[in-house]
Amino acid sequence: MQETTPKERMLKKIRKALIEKRENPYPRLEENEPVYPVNNELPEFIFAEEFGKIGGQFIFCEDIPHFAQNMQELIAHKSWKHLFCWEESIAALLQKAKIGYEGSEQHFIEQAEVGITGCEALAARTGSILISNQDKAGRRLSVYPHAHIVIAYTSQLKPDIKEAIQFVRDKYEGKLPSMLSNTTGPSRTADIEKTLVLGAHGPKEIFLFLIDDQS
């Protein structure tokens, strides 16, 4: 009699497991317990710490004038000339703060140094930024330029990814955007000789301006 193949033996075990009923050996896995230890620090502090660990640069702004001052100082320090922004709400904020930017796509490929965008939400525990395709820029401003500036508000800051995604779901009345990207730090890879390279397939630098809108 010909011996069964490894595939047939595996399928036989699966059929047997489906037929035979047995108690759940790990009953506590279904309990709604927190996976990570509770952190009583303010979400702003947690996000700033985790965001810094992965190479992000965090700037907290008490209000719009404080944001304008910090943004102008960063632009002067970096000597940036070509900052691109296509989102209407962010463009209005930049105009209010008297920050110059380029809203046309005409010279984007040749001149883009910095892309300025908003975001959907922030996850404090991992220092992550959720970006969707609902704004005019899509993914281009967050991927193509060498530097990416994200402008967010404290009301968008959530404890973890789960709460951040639920926040986005509630915003769009139960439906998520067709593209929801979870950005955690600058683009990086270590595929080549295990050497860490920043900016391999995205921006080398990422800045997060968090404006307090809940005080």
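Below is a table of values for the structure above.
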quantity: Top-ranked residue of segment 132-178 - restricted to ones that are closer than 16 Å to Leu208 by Cβ and hydroxyl-bearing (Ser, Thr, Tyr), ranked as surrounded by the fewest Cβ atoms within 10 Å (Cβ to Cβ); calculated: Ser155
quantity: Lone qualifier among Ile75, Ile116, Ile129 - being without any contact (Cβ under 8 Å) to a residue 40 or more places away in the chain, under 16 Å from Leu208 (Cα atoms), buried (at least 22 other Cβ atoms within 10 Å of the Cβ) and not basic (Lys, Arg); calculated: Ile116
quantity: Residue ID - modelled with the lowest pLDDT, chosen from residues in segment 159-215 that are more than 19 Å from Leu141 (Cβ to Cβ) and aromatic (Phe, Trp, Tyr); calculated: Tyr172
quantity: Glu105 surrounded by fewer than 16 Cβ atoms within 10 Å (Cβ to Cβ), in contact with a strand residue (DSSP E or B) (Cβ under 9 Å, 6 or more places away or on another chain), without any contact (Cβ under 8 Å) to a residue 24 or more places away in the chain and charged (D, E, K, R); calculated: yes
quantity: Some residue of segment 78-93 being without any contact (Cβ under 8 Å) to a residue 12 or more places away in the chain and surrounded by fewer than 15 Cβ atoms within 10 Å (Cβ to Cβ); calculated: yes
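The values are calculated or read from the model by the stated rules, or taken from the named source; none is laboratory data. Treat the numbers as computed from the prediction; the structure is a model and nothing was measured. Every residue, glycine as well, gets a Cβ built from its backbone with ideal geometry; the counts of neighbours run over all protein chains shown.
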